[in-house]
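Below is one structure, written out as structure tokens; comments come after it.
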Amino acid sequence: MREPAPTGNDSSGFDFEIVPETDQSFENALAKARSGERLSVDDGVELITTGTERAEIDPVRKEQVLEAADRRRAAVVGEDVTFVANLNNNVTTACNTGCLFCNFKDTAHQFEADYDGEHAGFTKTPAESRAIVEDALDMGIYEVTSVSGLHPAFALDAEHREILAAHEDPASTVDYKPPEAYETDPGTYVEQLRAMSVGGVHLHSMTPEEAQHARRGTEWSYEDVYRTLRSAGLDSAPGTAAEILVEEVREVICPGKISTDEWVAAIEGAVDAGLDVTSTMMYGHVENEAHRVHHLKVLRDLQDRTGAITEFVPLSFVHENTPLFERGVVAGGATDAEDELLVAVARLFLDNVENVQSSWVKYGNAKGLKLLNCGANDFMGTILSEEITTRAGGSYGEFRSFSEYVEMVSAIGRRPVERSTDYRTRRPIDVDAAVHGPRLGPRADGSPLLDRPGGERTGPAYADD
Ligand code: SF4
């Protein structure tokens, strides 16, 4: 029987219009999934609930869904498990947006020069960001991912700063204060990207929410903003800040964030500017299973129009230390069964997205590996720093070495493959080699990331730099 959902309409008390009810049957939906026919939202809801006529997840039906997804995965991408050598360099935790699921933010006034209290946040200057990326490049990374809080001093460039400063009462109308007001000047987005785009590294940054921040108070299009960012060195954009792309859920968990339509417009702007994009879903909070499938439909439609989504990344809500949990709005995150079904239904529903990721940061090693048998084929990246998950209470460490990847992926009978951010370059790993390290990064030579010849590193290097 289906485990009681800790979230959603029944237990949360939210009066949502979208609920997991359909006219479809589980059996019909499963038959369509097995045959490869495109699934409707109702099909997806039947599969993700293992039948809406039952209140709990049916373990036998769940295995049928997981098996169908695993077969689809094998048919679409084979037995390779990919991962990328990457670094997270998040620039600042200053943010006034107040999303209730997020602990990766510190109210921005704490960062002001005259604030005399304590806070655990940070802001990096462009020079500091460059030094961190340079160092990680020497260690062999291919990609730097950078996602930050919406610091009020952040603007696209000098022109944007002038426009923002000219607004009446810019702090309250366009969330802008000049950099002089802060202890550390984050520079502009263009300056930060230029600083991090060094030595041929792949720069993956500027979520739709950040792109909106980089155009706030102007009439600029998302495409124009992303073109400017691309000129500054941006290579691809992360489809994070998506959370659940259904308005009635966003109004509860992130009322200060852009709408679903804006999120989609931003991604299309990034694509029009010539960038690849990724896609995500953060689930397991107040939403129900029907919201999850509606979200997948938004992504599938977007991919039908653009073809530029390189992967889907499910992000199971890490509830500890978040306002949603501390205020008693949610009692916890998704169950194991919900995680498995989410990955499986994503694989089956997103028939136009090739890669589905299992995140060891969100799920831990054991479940992360299990999800590779539920439809996922990518096992994320080495992540030399992971401030976001650590600060929200995640406890799965901050770094995954190539040796660990080889060991874990081989243990489930699959082939470990180093990849580029866009998956177009793939390097199967020689599992019998004496040492395992990255080779795709501009300065990678096959040495282990944290144990370069002559190097002295023995542990995670950049946590909370
Ligand atoms: S999720 Fe992003 S926008 Fe929302 S509070 Fe956290 S850092 Fe700010």
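Laid out as a table, the results:
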read-out: For the chain, Cys with no neighbouring Cys Cβ under 4.7 Å; value: 95, 374
read-out: Debye equation applied to the C-alpha atoms of the stretch 115-243, log10 I(q)/I(0) at 0.11, 0.19 Å⁻¹; value: -0.39, -1.10
read-out: Counting DSSP beta bridges with both ends in the chain, the antiparallel % (nearest 5); value: 15
read-out: Ascending count of other beta-carbon atoms within 10 Å, so fewest first, for 115, 363; value: 115, 363
read-out: Whole-Hz couplings from phi, Karplus 6.51/-1.76/1.60, listed for the stretch 440-445; x for Gly and Pro; value: 8, x, x, 10, 6, 10
read-out: Relative contact order of the chain, defined on C-alpha pairs under 8 angstrom at six or more residues apart (%); value: 21
read-out: Backbone HN-Hα couplings from phi across the stretch 118-125 [Karplus 6.51/-1.76/1.60, Hz, Gly and Pro as x]; value: 9, 8, 9, x, 8, 9, 9, 7
read-out: Net +/- balance of residues flanking residue 275 in space, Cβ distance below 12 Å, scoring K and R +1, D and E -1; value: -4
read-out: Protection-proxy order for peptides 307-315, 416-424, each taking the mean of Cβ atoms within 10 Å per residue, highest first; value: 307-315, 416-424
read-out: For the stretch 85-97, 3J(HN,Hα) per residue [Karplus equation, 6.51 cos²θ - 1.76 cosθ + 1.60, θ = phi - 60°, Hz, x = Gly/Pro]; value: 7, 9, 10, 9, 10, 8, 7, 8, 9, 6, 6, 10, 6
read-out: D_trans [Stokes-Einstein, Kirkwood Rh over alpha-carbon pairs] for the stretch 23-85, 4 °C, 1.567 mPa s, µm² s⁻¹; value: 103
read-out: The chain: DSSP helices with Cα axial extent of at least 15 Å and average Kyte-Doolittle hydropathy no lower than 0.0; value: 260-272, 336-349
read-out: Chain lengthening between residue 27 and residue 262 when straightened (0.36 nm per residue, less Cα-Cα); value: 81.0 nm
read-out: Built amide H within the under 5 Å cut-off of residue 106, gap 5+; value: 94, 95
read-out: Under-5 Å amide H pairs with residue 84, H placed in peptide plane, nonlocal only; value: 381, 382, 419
read-out: Å³ per residue enclosed by the Cα convex hull of the stretch 80-445; value: 127
read-out: Cβ crowding within 10 Å averaged over residues, with 163-173, 350-360 ranked highest first; value: 350-360, 163-173
read-out: Inter-centroid distance (Cα atoms) of the stretch 276-293 relative to the stretch 50-108, Å; value: 8
read-out: Peptide ranges 186-198, 16-28, 119-131, 140-152 listed from the most packed, as the mean C-beta count within 10 angstrom indicates; value: 140-152, 186-198, 119-131, 16-28
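Laboratory data are not the source of any read-out in this text; all were calculated from the coordinates shown. The structure presented is a predicted model; accordingly, all values stated were derived computationally and were not measured. Counting neighbours? That spans all protein chains shown, and the Cβs are built from the backbone with ideal geometry, glycine included.
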